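One structure is given below, encoded as C-alpha cells.
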Amino acid sequence: MRTTAEDVVRGLDLRGRRIIVTGGGSGLGAETARVLASAGAEVTIGVRTPVPGARAIPLDLADLESVRAFAKAWDGPLDALIANAGVMAIPTRQRSAAGWEMHLAVNHLGHFALARALRPALRASGAGRLVVLSSGAHRDHPLDREDPHFARRPYDRWAAYGQSKTADVLLAVAAARRWAGDGILANAANPGWVMTGLQRHVDDETMRAMGAMDADGNVVPQPYSRTLAEGAAGPVTLAVSATTTGAYYEDAAPSENVAPHAVDPETAAWLWDHASEALRAS
C-alpha cells in the first residue's frame, strides 16, 4: 500500500501516450496527471475551472452537454481515460438536470457518457484503457435497482456515495465485457483513504467519530491513510501497465476485496441500460 505513482512509472517512457484525467486540477487527479506527464505522457485534464499552464478541456460531469462538448473537442487516439473526478457525502439530496441523484450523476453517469463518447478514440489507440476510480465504501452499499435516485427511500449521503462507487465498479465490469473486441481494457481502482477536496462535505464531528481528527481540529493520520502519491499508484498502474480487464484494484494490484454485488454481471448490464436510457432522453 506504500507504493507510489512515481514507483510505478520509474524507468517507463510514456512519450506518445495520450491520457485524459477527469478532475485533474487538484488532489488525487492532479498527482496522477503530474506523474504521468513526468514520464512523458501527453496528459489532458477535464476540469470545471481552468488550471493555468495545464492542457485542459472544460468538463462538468453533472452536465451531459458539457460531457458531449468535451468528447467533441477531443481529436485522435486516446490511450487511457482515467475517470477520477467525483463528489462525496453531499448533505442533502440533489439531482442533476437529467434527474439523477448527484452522486450517481457525477461519479457514474457523467463518466459513463464520456467513456461511451470516447470509445472510438480508445479503440483507435489499439490498446485503450478505461480506469474508473471506486472506493471501499462500495462494500456496504449495493446499487438499489428499485430506487437508485432516492425518490422514495430516505436520502442518506453515505449510502448515496457508496452505491455510486459500486456503480463505478459495475461500469468497469460492463465495459470490459462489451468492449473486449475493441482491445479496450477496463478496470476499477480503489485509491484508499486520501485526504483531498473530496472530503469537503465531511463535517468535523464525522471526522472525529472516524478518529481522523482530534479535538483541536487537527487531522490525525490513520494506519489506512495514504498520501496523494500512494493513492495515485493504482490509477497510474491501470493506465500504463495493467493487462487485466474487468478487475478491481487495491494497493496498485488486483484484489478480491470487492463485494459480489459490485461485480455482478446482471446488475452491470441493468445499470448500463439505465444509463443509456438517460443519455437517449437528454
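Bear in mind these aren't lab numbers, they're just calculated from the coordinates by the rules spelled out. Quick caveat, the model's predicted, so the values are computed rather than measured. Cβ coordinates were reconstructed from backbone atoms using ideal geometry, including for glycine residues, and neighbour counts include every protein chain displayed.
One table, with the values for the structure above:
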| item | result |
| --- | --- |
| Computed FRET value (nearest 0.05) for Ser276 with Arg2, which takes r as the C-beta separation and R₀ as 41 Å | 0.55 |
| ³J(HN,Hα), Karplus 6.51/-1.76/1.60, whole Hz, each residue of the stretch 96-105, x for Gly, Pro | 7, 4, 7, x, 8, 4, 5, 4, 5, 5 |
| Span from the the stretch 155-172 Cα centroid across to the the stretch 73-118 one, whole angstrom | 12 Å |
| Other-chain or far-sequence residues with amide H under 5 Å of Ala41's (modelled H) | Leu14 |
| Among His103, Ala56, Leu78 - extreme Cα towards positive end, dipole of the stretch 55-108, charges at beta-carbon | His103 |
| Packing-based order for 92-99, 76-83, 161-168, 34-41, using average beta carbon neighbours within 10 Å, highest first | 161-168, 76-83, 34-41, 92-99 |
| Alpha carbon Rg of the chain, scaled by the compact-globule rule 2.2 N^0.38 Å | 0.94 |
| 14 Å reach of a label modelled at Thr227, 7 Å along Cα-to-Cβ, counting backbone N of the stretch 83-123 | none |
| Under-5 Å amide H pairs with Ala85, H placed in peptide plane, nonlocal only | Thr22, Gly23 |
| Where a label projected 7 Å from the Cα of Leu12 along Cα→Cβ would reach, residues of the stretch 109-152 with amide N under 16 Å | 127-133 |
| Virtual spin-label span in nm between Arg93 and Arg178, 7 Å along Cα→Cβ | 2.7 nm |
| Linear extension gain, Ala151 paired with Glu266, 0.36 nm per residue minus alpha-carbon span | 39.1 nm |
| Exposed GluC sites (Glu not before Pro) absent: longest stretch of the chain, with sites in DSSP loops and at most 14 other Cβ within 10 Å deemed exposed | 1-145 |
| In sequence order, calculated HN-Hα J values of the stretch 56-65 (Karplus, 6.51, -1.76, 1.60; Hz; x Gly/Pro) | 9, 10, x, 8, 10, 5, 7, 10, 5, 5 |
| Dipole in debye (nearest 20) - the chain, about Cα centre, beta carbon charges: Lys, Arg +1; Asp, Glu -1 | 800 debye |
